[in-house]
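Asker: Sharing a structure, written as C-alpha cells. Questions coming.
The values are calculated or read from the model by the stated rules, or taken from the named source; none is laboratory data. None of the values given here were measured: they were computed from a predicted structure. All Cβ positions, glycine included, derive from the backbone under ideal geometry; neighbour counts span all protein chains shown.
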Amino acid sequence: MANKVRHYFLSGIGGSGMLPLALILKGLGHKVSGSDRGREQGRTPEKFADLEAKGIKLYPQDGSGIAGIDALVVSAAIEDTVPDVKAAKDAGIAIVKRADLLAQLFNGFKRRIAVGGTSGKTTTTGMIGYMLKEAGQDPVLMNGGVLKNYGATALTGQGDVFVTESDESDGSIAFYNPDVAVLTNVSVDHKGIDELRQLFGDFVNKARVAIINADNAEAAALAGSNAITYGLSGGDVTVSDVFYLQEGVSAVVRAGGKRAAISLEVPGAHNLSNALAAIAAVTAYGVPLRDACDMLGRFTGIKRRMEWVGEAQGITVMDDFAHNPDKIAATLSALKQFDGRIIVIFQMHGYGPLKLLWQDLAKTFADHLGQGDHVFMCDPLYLGGTADKTIGTQQVVEAIGPRATWFETRAECAQAALAIAEEGDRIIVMGARDDTLSDYAQSLLQTIRK
C-alpha cells in the first residue's frame with residue numbers, strides 16, 4: 001500500500017498520532033490531505049495552519065474531501081458515523097487503520113527501533129530520534145509529542161532507520177517487527193496486567209535486541225537472552241553520582257565497562273531512566289556512549305512533559321501530559337524533591353480510561369500530595385460520540401479526601417487554584433489528548449501577571 005505514491009486522506013488529522021503520520025507520509029512522497037473536528041471547533045488553529053503551510057490540504061469533516069483519494073486513514077477515535085467514513089464506504093474507497101499503516105511503513109525500513117511501555121514512551125522515543133539525527137543518521141521519527149529542539153512531532157529523514165512509539169492501548173504494538181525494542185515499564189493503564197504481559201512479552205521477544213527497564217519488576221520479568229537491561233539501581237546500562245536539580249539531572253552513566261558524564265536539561269528520576277533507555281538503544285546502532293551522553297545534554301525535552309511555562313508573583317506554572325497513575329506519580333515525585341506547595345489542575349482524557357483507573361488515580365494523588373498540596377479536578381475531556389459516564393471525577397475527588405476539589409469546568413478550577421496560590425507555589429496543569437491545555441496553562445500565567 002505504501003510502496004508507490006498514493007493519496008491518503010486522514011480523518012482526524014490533528015490527533016497526536018495522526019499528525020506525525022501525515023508529515024511522515026508527506027516526507028515519503030505521498031499526497032496527503034485531511035479533516036479534523038477540532039479545526040471546525042476552532043481549537044489550536046496554528047496547528048492546522050502549519051499543516052496547510054506544509055502542503056497538506058484540509059477539508060471540513062463532512063465527506064467533501066474524499067473524492068479522488070486512494071485510501072481513508074482513521075484512528076480508533078474516528079467512529080463509523082463520521083461523514084468521511086460514510087463517504088469512503090459509499091465510494092468503495094479503502095479504509096485503513098492508522099496503526100496498520102504506520103506499522104507497514106515501519107516494518108519496511110532496514111533498521112527499526114520501537115519504544116513500548118505504559119509510561120515514558122514519548123520522551124524516550126524523542127531522545128532516540130534526537131540523538132540519531134544529531135549523529136547524522138537522518139532518521140524517520142514518529143512521536144506522540146513535540147520535540148522542543150525541532151518544534152515538530154515527526155522527523156522525515158532520508159536515512160534507513162525508523163524510530164516510533166508503539167501503542168499497547170489499542171493492541172497495535174503487536175503489528176510492529178522491531179530490530180531494537182525498548183520496554184520502559186509495564187503497569188495497568190488501558191488494559192489489564194495479564195493482557196499487557198502477553199503484548200509486551202511478544203513485543204520484546206521478536207526483536208534482535210530488547211532494551212528492558214530492570215527497575216520495573218513486570219518489565220524485568222520479560223527479559224530474555226536478547227535483553228540489554230538498564231536501570232537507576234543496576235543493569236547493563238546504569239548510573240552513579242546522581243544529582244537531581246530543579247532544572248535537570250547530572251550523573252555518570254556506566255555501560256560495557258565505559259563511563260561518561262551526563263547533564264540533562266529535563267528533570268526527575270523518570271527522565272534519567274528514559275535517558276538510559278535511549279542511550280542503550282542508540283549504542284546498539286553504533287553511537288559511542290560518550291557521544292550519546294554529550295548529545296542528550298542538548299536535548300531540551302518534549303512539550304507538555306513537566307514543561308516550565310513561566311513564573312509570576314513568585315508562582316510557577318507548569319504544563320504536563322501526566323494522565324495515568326505512573327505518570328502522575330513520577331511528576332509529583334520529581335516536584336516533591338524541592339520546596340514549594342503543589343497545586344494540580346487535572347483533566348482526565350476520557351470517561352473510558354477514568355472508569356478503568358479512577359481508584360488507582362485517587363490512591364496516587366492521595367499518596368503523593370503532601371500537607372498543603374491540593375488537586376482540582378474538572379469533568380473529563382469529552383469531544384463527542386458515545387461514552388459511558390457512570391464514573392466521573394467526583395468519585396475520584398471523594399476518594400482522595402480533603403486535598404481534592406471537583407468543579408464541572410476548567411474555568412472554575414482555574415479560579416479556585418488562583419484564589420489559593422501564594423508565592424513559592426507550583427501550579428501544574430495535568431492531562432492528555434487535549435491540545436488546548438497548553439493555552440490554558442498560559443492563561444493561568446497571564447492571569448497571575450495581571
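Asker: Has segment 193-203 got any residue that is within 15 Å of residue 106 (Cα to Cα), touching a residue at least 40 places away in the same chain (Cβ under 8 Å), assigned by TED's automatic domain parsing to the domain that holds residue 125 and part of a helix (DSSP H, G or I)?
Answerer: So far as segment 193-203 goes, yes, one or more of its residues are within 15 Å of residue 106 (Cα to Cα), touching a residue at least 40 places away in the same chain (Cβ under 8 Å), assigned by TED's automatic domain parsing to the domain that holds residue 125 and part of a helix (DSSP H, G or I).
Asker: Take the residues in segment 366-392 that are touching a strand residue (DSSP E or B) at 6+ places or on another chain (Cβ under 9 Å) and surrounded by fewer than 18 Cβ atoms within 10 Å (Cβ to Cβ); name whichever of them is modelled with the highest pLDDT.
Answerer: 366
Asker: Would you mind listing the helices (runs of 4 or more DSSP H) fully within segment 313-400 where at least 3 residues are in contact (Cβ under 8 Å) with a residue 24 or more places away in the chain and farther than 24 Å from residue 269 by Cα?
Answerer: Counting at least 3 such residues, we get 351-368, 393-400.
Asker: Given the structure, is residue 310 more than 30 Å from residue 259 (Cβ to Cβ), surrounded by fewer than 21 Cβ atoms within 10 Å (Cβ to Cβ) and of a type outside the set (Ser, Thr, Tyr)?
Answerer: On the way: more than 30 Å from residue 259 (Cβ to Cβ): yes; surrounded by fewer than 21 Cβ atoms within 10 Å (Cβ to Cβ): yes; of a type outside the set (Ser, Thr, Tyr): yes.
Considered against the rule, which asks whether it is more than 30 Å from residue 259 (Cβ to Cβ), surrounded by fewer than 21 Cβ atoms within 10 Å (Cβ to Cβ) and of a type outside the set (Ser, Thr, Tyr), residue 310 comes out as yes.
Asker: Quick one: would you say residue 242 is buried (at least 24 other Cβ atoms within 10 Å of the Cβ) and over 23 Å from the mean Cα position of the chain (by Cα)?
Answerer: Numbers: buried (at least 24 other Cβ atoms within 10 Å of the Cβ): no; over 23 Å from the mean Cα position of the chain (by Cα): yes.
In short, no.
Asker: Name every residue in segment 253-283 that is under 16 Å from residue 131 (Cα atoms) and in a loop (DSSP other than H, G, I, E, B), in order of residue number.
Answerer: Once the filter is applied, which keeps residues that are under 16 Å from residue 131 (Cα atoms) and in a loop (DSSP other than H, G, I, E, B), segment 253-283 yields 265, 266.
Asker: Which of the residues spanning segment 66-89 are in a loop (DSSP other than H, G, I, E, B), of a type in the set (A, V, I, L, M) and more than 17 Å from residue 100 (Cα to Cα)?
Answerer: Correct list: 66, 67, 69, 82.
Asker: Follow-up. Restricting to segment 402-450, name every residue that is in a loop (DSSP other than H, G, I, E, B), among the small types (Gly, Ala, Ser) and touching a helix residue (DSSP H, G or I) at 6+ places or on another chain (Cβ under 8 Å). Before you say what the answer is, go through the steps one by one.
Answerer: Applying the first criterion (in a loop (DSSP other than H, G, I, E, B)) to segment 402-450 yields 402-403, 407-409, 421-425, 432-436, 450.
Subsequent filtering for residues that are among the small types (Gly, Ala, Ser) retains 421, 424, 432.
Passing the criteria: only 421.
Asker: Separate question: Determine if segment 77-84 includes at least one residue that is farther than 26 Å from residue 386 by Cα and modelled with pLDDT of 95 or more.
Answerer: Among the residues of segment 77-84, not one is farther than 26 Å from residue 386 by Cα and modelled with pLDDT of 95 or more, which makes the answer no.
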